[in-house]
Amino acid sequence: MNNKVNILGVYVDKVSISQAADSIMSFISGEGSAKAVYTPNSEIIMHGYRDSELCDILNDADLLTADGIGVVYASKILGNPISERCAGYDVACTLLDKMGKEGKSVYLFGSKPGVAELAGENLLKKYPGLAVVGYSDGYFDAEKEGQIIADINSKKPDVLFVCLGAPKQEKWIYNHKNELQCRVCMGLGGCLDVFAGTVERAPDFYCKHGIEWLYRLIKQPKRFFRMLDLPRFAVTVLLKGKKFKQDR
Ligand code: UDP
């Protein structure tokens, strides 16, 4: 079996959290244009299944990790299993720890005004040695977007966290990565809210039992309609998943 699993047309890397963080560290020390890292969950893969443009964007990534137990189950059903769930938040924490030890830098982009700064303060306490070199909130028009890109390029971070929600962040990274002076762009959804402490991550019980989605639904009931994609994803994988070739 190869090192990726084809889930409804999206090629997800079969990596563990620590392997994902190691790959990103190697991107930081590598050369060439900025690398793209996304962490799709079942909802985003389902979105990519319906939207070929998003599917192409996901498959253009340099690393795609399985954020969500649904993606891990799907890989098992398809006979090409991923060893563990590799959530964006967990990859980011492992990566930041490694980055701190090597004095690398991160720029925090996304979420509501003030959240990135709060997240930055907490990250500096938690990961000694890490440099947080810039912040921008995630609500912008074309003019502000130009200023954000100029700010990122003046700071030249090793890693840019882009937290605009999916699939906005994946599309933004895809459209801009060639003009960004950073080594890695990572799409990380609501992670800045969690780092800032303005949103709580699901307690361990929910994460361990693969029902983090239930916790998020209880806390944010407006997610109900987009979460209808979770059962749709399960049914589509069961009925059509094996039609997608595992060899690239
Ligand atoms: N967000 C943003 N700009 C936007 C829309 C959303 O910065 O135009 C932020 C929002 O404030 C939140 C994050 O994107 O911090 C989305 O979080 P969510 O948990 O919904 O991420 P997802 O589940 O979509 O990955």
Simple spin-label model, 7 Å along Cα-to-Cβ: K171 to E31 in nm?
-> 3.5
Considering the zone a paramagnetic label at E117 would reach in this model (a point 7 Å from Cα along the Cα-to-Cβ line), which residues of region 143-186 have amide N under 18 Å from it?
-> 148, 151-152
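Kirkwood Rh and Cα-based Rg: tell me the resulting Rg over Rh for region 104-242, rounded to two decimals. Can you show the working numbers first?
Working: Rg = 17.0 Å, Rh = 16.6 Å.
That ratio equals 1.03.
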Give me the angle, in degrees from 0 to 90, between the Cα long axis of helix 88-101 and the longest principal axis of the Cα atoms of the chain, rounded to the nearest 10.
-> 40
Folded to 0 to 90 degrees: helix 17-29 orientation relative to the chain principal axis, Cα | 40
Over all alpha-carbon pairs in the chain, figure out the percentage whose distance exceeds 34 Å.
-> 12
Before rounding to the nearest 500, sum -39500 (n - 2.57) across all DSSP H runs of length at least 4 in the chain and divide by the residue total; then give [θ] at 222 nm in deg cm²/dmol.
-> -14500 deg cm²/dmol
Region 121-164-region 178-234 distance, computed between alpha-carbon centres (Å) = 20
Mind checking which of E200, E179, E143 has the largest fluctuation in a GNM of the chain, springs on alpha carbons under 10 Å?
-> E143
Taking the mean number of other Cβ atoms within 10 Å as a proxy for protection, how do you rank 12-18, 242-248 from highest to lowest?
-> 12-18, 242-248
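Every number in this text was worked out from the coordinates using simple rules, so none of it is lab data. All values reported here derive from a predicted model rather than from experimental measurement. Quick reminder, even Gly has a Cβ in these numbers, built from the backbone with ideal geometry, and neighbours come from all protein chains shown.
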